[in-house]
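Heads up: the structure comes next, in structure tokens.
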Amino acid sequence: GENVEQHPSTLSVQEGDSAVIKCTYSDSASNYFPWYKQELGKRPQLIIDIRSNVGEKKDQRIAVTLNKTAKHFSLHITETQPEDSAVYFCAARVYGQNFVFGPGTRLSVLP
Amino acid sequence: DTEVTQTPKHLVMGMTNKKSLKCEQHMGHRAMYWYKQKAKKPPELMFVYSYEKLSINESVPSRFSPECPNSSLLNLHLHALQPEDSALYLCASSPDRGPTEAFFGQGTRLTVV
């Protein structure tokens, strides 16, 4: 089955700096890669996603890149703000299968 | 309406109690999921319903019993739980099991005493 790894497990950046979180997946049939942000005590919320026919997607300060050959995808957050502090989960999904989540990255943005 | 609604938000139950968690969505989604999440861990899949039929049971103990009365509702019946079952229980839905996002409910924080 699919296995998703995620690095780093914790990340601290200064406000205004960029943050990058990387994930790798094992099943080459995976075709959908969402990123979820989860604040303490709250639900996971989708912040950006990418499908396997696209290499990069951007939404304001957030971007995701996908390298299908290497089976890895990355989340890039620019101009970080304190409210970006949360746990971020990447996930991968094969059509007709279920989401497999990475172990999560705890991002702290220091003012 | 792009919400998945879960009730109750918090639940404390004894090991001999029977309780139910409820989940509702009105987005016309045909796949619904129960996840269990422990602190500092990712959501862990428990059950998947696809078109109101149970399609996946991830070897969950029988003290957890899912039910999908109709396409909008998903229940999780709890009986004879253990303290280690204390966790955040998340319901989610997606249009189907294709390459689309899952929408999560706010979760039920369950404490077993």
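Per residue, how much accessible area does chain B have with a 1.4 Å probe, in Å²?
47 Å²
Which log10 I(q)/I(0) values, to two decimals, does the range A:50-111 give at q = 0.29 Å⁻¹ under the Debye formula with one point per Cα? Treating every Cα as an identical point scatterer, log10 I(q)/I(0) equals -1.31. Quarter the surface of the alpha carbon convex hull of the protein assembly as shown and you get the mean projected area, 12.2 square nanometres.
Considering only DSSP beta bridges whose two residues both sit in chain B, what percent are antiparallel, to the nearest 5?
90 percent
With the cut-off at 17 Å, report for chain B the share of all Cα pairs above it, as a whole percent. When every Cα pair of chain B is considered, 50 percent fall beyond 17 Å. A straight Cα-to-Cα reach below 14 Å connects B:K53 with the aspartates and glutamates B:E67, B:D96, residues fewer than 8 places away in its own chain not being considered.
Within a straight-line Cα-Cα reach of under 16 Å, A:K58 can be paired with the following aspartates and glutamates, leaving aside sequence neighbours fewer than 8 residues apart in one chain: A:D49, A:E79. Report, in listed order, any pair from A:K57/B:K22; A:K42/B:K19; A:K22/B:K22 with a Cα-Cα distance greater than 32 Å. Result: A:K57/B:K22; A:K22/B:K22 exceed 32 Å.
Counting only other residues whose beta carbon sits under 10 Å from that of B:S94, what net charge do I get with K and R as +1, D and E as -1?
Details: positive: A:R93, B:R30, B:R97; negative: B:D96, B:E101.
Value of the local net charge: +1.
The GNM of chain B, with springs linking C-alpha atoms under 10 angstrom apart, assigns the highest mean-square fluctuation among B:G98, B:G28, B:G14 to B:G98.
The calculated pair-distance distribution of chain A uses every alpha carbon pair, bins of 5 angstrom beginning at 0, and gives 2, 13, 25, 25, 19, 10, 5, 1, 0 percent. As a fraction of the 1.4 Å probe accessible area of the protein assembly as shown, surface on carbon and sulfur atoms comes out at 49 percent. Label positions at B:E58 and B:T16, each projected 7 Å from the Cα along the C-beta direction, are separated by 3.3 nm. Its Cα gyration tensor gives the range B:13-65 an equivalent ellipsoid. The semi-axes, each the square root of 5 times an eigenvalue, are 21, 15, 13 Å from largest down.
In the complete set of protein chains, residue-level accessible area for A:H72 is approximately 70 Å², probe 1.4 angstrom. Against the empirical 2.2 N^0.38 Å (N residues), the range B:47-113 has a Cα radius of gyration ratio of 1.18. Computed over the alpha-carbon atoms, the range A:1-53 gives an Rg to Rh ratio of 1.00, Rh here being the Kirkwood radius from the mean inverse distance.
The values are calculated or read from the model by the stated rules, or taken from the named source; none is laboratory data. The structure presented is a predicted model; accordingly, all values stated were derived computationally and were not measured. Cβ sites come from the backbone with ideal geometry, for glycine too, and all protein chains shown count toward neighbours. Surface areas here come from the heavy atoms of the whole protein model, side chains and all, with no ligands, DNA or RNA. Shrake-Rupley method; radii C 1.70, N 1.55, O 1.52, S 1.80 Å.
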